[in-house]
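In what follows, a structure is listed as structure tokens, so that the remarks can point back to it.
The values are calculated or read from the model by the stated rules, or taken from the named source; none is laboratory data. Nothing here was measured: the structure is a model prediction, and the numbers come from that model. For neighbour counting, all protein chains shown are included, and Cβ atoms are generated from backbone atoms with ideal geometry for every residue, glycine included. When the accessible area is computed, the model is the full protein with side chains, heavy atoms only, and any ligands, DNA or RNA have been set aside. Shrake-Rupley method; radii C 1.70, N 1.55, O 1.52, S 1.80 Å.
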Amino acid sequence: MIRVATPADVPVIRELILELATYEKVPHEARATDAQLHDALFSERPAAYAHMAVDDTTGDPVGFALWFLNFSTWRGVHGIYLEDLYVRPTARGSGHGKALLTELARICVERGYQRLEWAVLNWNTPSIAFYEALGARRQDEWSVYRLTDDALTALGTDGRADGPL
């Protein structure tokens, strides 16, 4: 049901990313190319890793998890940050999402990592209920911040920021 992604999976991973972005109502944000994904996942020093959920009968990919290592200064060890978890609607309820998370938890335990973290959109109540049923707990005391596009370029090139400092 779950296997490590291979270079041949890159086109379907990109397709699944677009499906996820569409589900999250931001398909225009999914701009990654096959070449970028291949480089990130399969270069000499990969920046990210992926696992595929496949149909038990056909072997066709029905979902994926894309993740990378983070580090906790408080715990002093790595953890896994799950960037994307997606299972196609036709395959939901068959255990693929749980199997993907189980595999990532197994990797954490095996390697001595102490955290498996991810973000979920506040309106995505089916996913929230699923995660909480697995024992995951919301981290309400933290807010996510992000720099992108013009704000990132401005700060990264000349230290400009639009707000008061």
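Quick notes on this one:
- Residues that are in a helix (DSSP H, G or I) and hydroxyl-bearing (Ser, Thr, Tyr) were ranked within segment 81-136; the one that is nearest to Val12 (Cα to Cα) is Thr90.
- Selection status of Ser72, without any contact (Cβ under 8 Å) to a residue 24 or more places away in the chain, more than 23 Å from Phe130 (Cβ to Cβ) and either of a type in the set (Asp, Glu) or open to solvent by less than 60 Å² (accessible area, probe 1.4 Å) (or both): no
- Residues satisfying the stated conditions in segment 42-61, i.e. touching a strand residue (DSSP E or B) at 6+ places or on another chain (Cβ under 8 Å), under 20 Å from His78 (Cα atoms) and without any contact (Cβ under 8 Å) to a residue 40 or more places away in the chain: Ala47, Ala48
- Test: Thr90 is of a type in the set (S, T, N, Q), open to solvent by 80 Å² or more (accessible area, probe 1.4 Å) and either closer than 25 Å to Ala129 by Cα or touching a strand residue (DSSP E or B) at 6+ places or on another chain (Cβ under 7 Å) (or both): yes
- Within segment 75-110, the set of residues being touching a residue at least 60 places away in the same chain (Cβ under 8 Å) and either on the phi > 0 side of the Ramachandran plot or of a type in the set (D, E, K, R) (or both) comprises Asp84, Arg88, Gly95, Glu103.
- Residue in segment 79-95 that is touching a Leu at 6+ places or on another chain (Cβ under 7 Å) and either more than 20 Å from Ile17 (Cα to Cα) or of a type in the set (Lys, Arg) (or both) present: yes
- Hits in segment 32-53 - residues which are aliphatic (A, V, I, L, M) and either farther than 15 Å from Pro11 by Cβ or in contact with a Cys (Cβ under 9 Å, 6 or more places away or on another chain) (or both): Ala47, Ala48, Ala53
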